[in-house]
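Engineer: To start, I am sharing the structure in question, which I have written as structure tokens.
The values are calculated or read from the model by the stated rules, or taken from the named source; none is laboratory data. Here the structure is a predicted model, which is why all the values come from computation and not from measurement. Because the Cβ atoms are built from the backbone with ideal geometry, glycine has one as well, and the counts that use them run over all protein chains shown. Areas reflect the complete protein model, heavy atoms only, side chains present, ligands, DNA and RNA absent. Shrake-Rupley method; radii C 1.70, N 1.55, O 1.52, S 1.80 Å.
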Amino acid sequence: MTRKAAALRHFKRVDPHFYKATRAHHPSLPAELIGKRTRAQLFESLISTVVSQQLGLAAADAIFARVKKACGGRLSPESILKTPPSVLRTAGLSGSKIKTLKTIAKAVKNNSLDLLSLKKVPEVEAAEKLMQIWGLGPWSAEMFLMFALGRPDVFSPGDLGLVRAMETIYSLPKGAPRTSLLAIAQKWSPHRTYASLLLWRTRDTGE
């Protein structure tokens, strides 16, 4: 059984309302979450996550492309560390994001942050390790765990898209307490990443 099939079977059993409300998007889910990635790929993904903080997709993609070009066309700890902050600022990064990228680059270069090892520890522990880096908060850690590492049981209560989708599906008041959202999401464990994918698709299409 694929991970997708297991997730959908779980949702149908523990939360039939959610299963029915997201049924239109079930076919669009990937059969499995992302596969193996190298350290270099994970590093670039984490840089991309930082760039995308508080930005729309189009703006984030444009700035990421400029940052990569500014770093010589290849993102690595070495290329980021040697690129002057003024050049990164011209590419579109704020001072705080530049500081975060430099901090990540130093941590990866001196092996105090091993991105590959985060796939082998519990999600909570992996998130805590990431959040030790200056400028990496819960949202950044959760996005990295979902989309770079393919961790199966991640939910981001601070993501506005997820919150709005849940408010619609469950007829919750706008600004529903985080505790209410977490209580609902807990039912989806250990497949909360797939639930998040369904919520985003529901939010994007209005269905």
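Engineer: Quick check on segment 53-64: of everything there that is of a type in the set (A, V, I, L, M) and open to solvent by 60 Å² or more (accessible area, probe 1.4 Å), which residue is farthest from residue 141 (Cα to Cα)?
Structural biologist: 58
Engineer: Can you spot a residue in segment 41-64 that is more than 17 Å from the chain's Cα centre (by Cα) and of a type in the set (Phe, Trp, Tyr)?
Structural biologist: The answer is no, given that none of the residues of segment 41-64 is more than 17 Å from the chain's Cα centre (by Cα) and of a type in the set (Phe, Trp, Tyr).
Engineer: What residue, among those in segment 3-33 that are hydrophobic (A, V, I, L, M, F, W, C) and not in a helix (DSSP H, G or I), is modelled with the highest pLDDT?
Structural biologist: Selected residue: 29.
Engineer: So which of 171, 156, 140 is open to solvent by 20 Å² or more (accessible area, probe 1.4 Å) and not basic (Lys, Arg)?
Structural biologist: 171
Engineer: Then there's this: Could you list, in sequence order, the residues of segment 72-82 that are touching a helix residue (DSSP H, G or I) at 6+ places or on another chain (Cβ under 6 Å) and either open to solvent by 60 Å² or more (accessible area, probe 1.4 Å) or within 19 Å of residue 60 (Cβ to Cβ) (or both)?
Structural biologist: Residues satisfying the conditions are 72, 75, 80.
Condition check ((1) among the β-branched types (Val, Ile, Thr); (2) open to solvent by less than 50 Å² (accessible area, probe 1.4 Å); (3) under 20 Å from residue 119 (Cα atoms); (4) in contact with a helix residue (DSSP H, G or I) (Cβ under 7 Å, 6 or more places away or on another chain)) across all residues:
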{"site": "177", "(1), (2), (3), (4)": "no, no, no, no"}
{"site": "180", "(1), (2), (3), (4)": "no, yes, no, no"}
{"site": "188", "(1), (2), (3), (4)": "no, yes, no, yes"}
{"site": "196", "(1), (2), (3), (4)": "no, yes, yes, yes"}
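Engineer: For segment 100-134, give me each residue that is within 23 Å of residue 68 (Cβ to Cβ), of a type in the set (Lys, Arg) and open to solvent by less than 100 Å² (accessible area, probe 1.4 Å).
Structural biologist: Listed by number, the list holds a single entry, 102.
Engineer: Give just the number: which of (1) more than 22 Å from the chain's Cα centre (by Cα); (2) surrounded by 13 or more Cβ atoms within 10 Å (Cβ to Cβ); (3) free of Cβ contacts under 8 Å to residues at least 60 places away in the same chain does residue 15 not satisfy?
Structural biologist: So residue 15 meets the others, but not (3).
Engineer: Follow-up question, since we're still on this one. If I filter segment 77-113 down to residues being free of Cβ contacts under 8 Å to residues at least 24 places away in the same chain and outside any helix (DSSP H, G or I), which single residue comes out as nearest to the chain's Cα centre (by Cα)?
Structural biologist: Once the filter is applied, the top-ranked residue is 113.
Engineer: If you don't mind, another one. Any idea which residue in segment 149-175 is nearest to residue 112 (Cα to Cα), counting only those that are in a helix (DSSP H, G or I) and free of Cβ contacts under 8 Å to residues at least 12 places away in the same chain?
Structural biologist: 160
Engineer: A further question follows. Can you find even one residue in segment 135-148 that is outside any helix (DSSP H, G or I), in contact (Cβ under 8 Å) with a residue 40 or more places away in the chain, closer than 19 Å to residue 38 by Cα and out of contact with any Pro (no Cβ under 6 Å at 6 or more places or on another chain)?
Structural biologist: yes
Engineer: Under 30 Å from residue 60 (Cβ atoms), at pLDDT below 95 and either of a type in the set (Lys, Arg) or open to solvent by 30 Å² or more (accessible area, probe 1.4 Å) (or both): is that true of residue 36 in this structure?
Structural biologist: For residue 36, the condition - under 30 Å from residue 60 (Cβ atoms), at pLDDT below 95 and either of a type in the set (Lys, Arg) or open to solvent by 30 Å² or more (accessible area, probe 1.4 Å) (or both) - is met.
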